[in-house]
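The values are calculated or read from the model by the stated rules, or taken from the named source; none is laboratory data. If you're wondering where the values come from, they're calculated on a predicted model, not measured in any experiment. Cβ coordinates were reconstructed from backbone atoms using ideal geometry, including for glycine residues, and neighbour counts include every protein chain displayed.
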Amino acid sequence: MATMVSGKSHRELTQGFRVDRAAAVLPATTVQTIFTVTGRVIITTLIGEVTTVCSATATNLKIDAVGTASGVTTALVVNSLVTSLTVGTQYCYTTLGGSASISAAVNQGNETIMPTGTIRITTDATNTGAMRWTCTYIPLDDGANIVFA
């Protein structure tokens, strides 16, 4: 007899563990830490979803990974426009340091290895929009994890 694998178990087998950060208003021309990383991890998915309509103010969103020990900042997404995005729109990076894919459905085939540090977002204008974030990851080191900030 075949045994079914539940959705959560299947996701953990293929994408790793999931951590969700509650919706928050986008930072106003400042930095907002969205996740904290302990130990080396493989990030398999990093997706933002608009929960409050983004205002018409021209606004770019940037996502960075910052290593604690090295102090090195690596752009996961360079400035990508989030002006007037509607509720339910998904936002994810398509290539390291590239632009974001903004759509109702996303295809994310990259994986990013990250050491202890933070994942943060920055905007270049004040926008009233809000986003929630989901990250899936596989621990590379024993005990490594990601938590929402």
Would you mind stating whether Ala65 is within 26 Å of Asp142 (Cβ to Cβ) and either in a strand (DSSP E or B) or in contact with a helix residue (DSSP H, G or I) (Cβ under 8 Å, 6 or more places away or on another chain) (or both)? yes
Within segment 32-48, residues being modelled with pLDDT under 95 and hydrophobic (A, V, I, L, M, F, W, C) number 5
Working only within segment 50-63, note down all residues that are surrounded by fewer than 19 Cβ atoms within 10 Å (Cβ to Cβ) and within 18 Å of the chain's Cα centre (by Cα). Thr51, Thr52, Asn60, Lys62
Please state which one of Gly71, Gly117, Gly67, Gly143 is of a type outside the set (S, T, N, Q) and under 20 Å from Asp20 (Cβ atoms). Gly117
Contacts under 6 angstrom Cβ, first residue in segment 121-148 being under 17 Å from Leu13 (Cα atoms), partner of a type in the set (Lys, Arg) and assigned to a loop (DSSP other than H, G, I, E, B), 6 or more apart: Leu140/Arg40; Asp141/Arg40; Ala144/Arg40
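Here is a yes/no grid of residues against (1) surrounded by 18 or more Cβ atoms within 10 Å (Cβ to Cβ); (2) under 16 Å from Phe35 (Cα atoms):
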{"residue": "Leu76", "(1), (2)": "yes, yes"}
{"residue": "Gln90", "(1), (2)": "yes, no"}
{"residue": "Tyr93", "(1), (2)": "yes, yes"}
{"residue": "Thr116", "(1), (2)": "no, yes"}
{"residue": "Arg120", "(1), (2)": "yes, yes"}
{"residue": "Asn127", "(1), (2)": "yes, no"}
{"residue": "Trp133", "(1), (2)": "yes, yes"}
{"residue": "Thr136", "(1), (2)": "yes, yes"}
{"residue": "Ala144", "(1), (2)": "yes, yes"}
Take the residues in segment 64-83 that are hydroxyl-bearing (Ser, Thr, Tyr) and more than 17 Å from Thr29 (Cα to Cα), then tell me which one is nearest to the chain's Cα centre (by Cα). Thr74
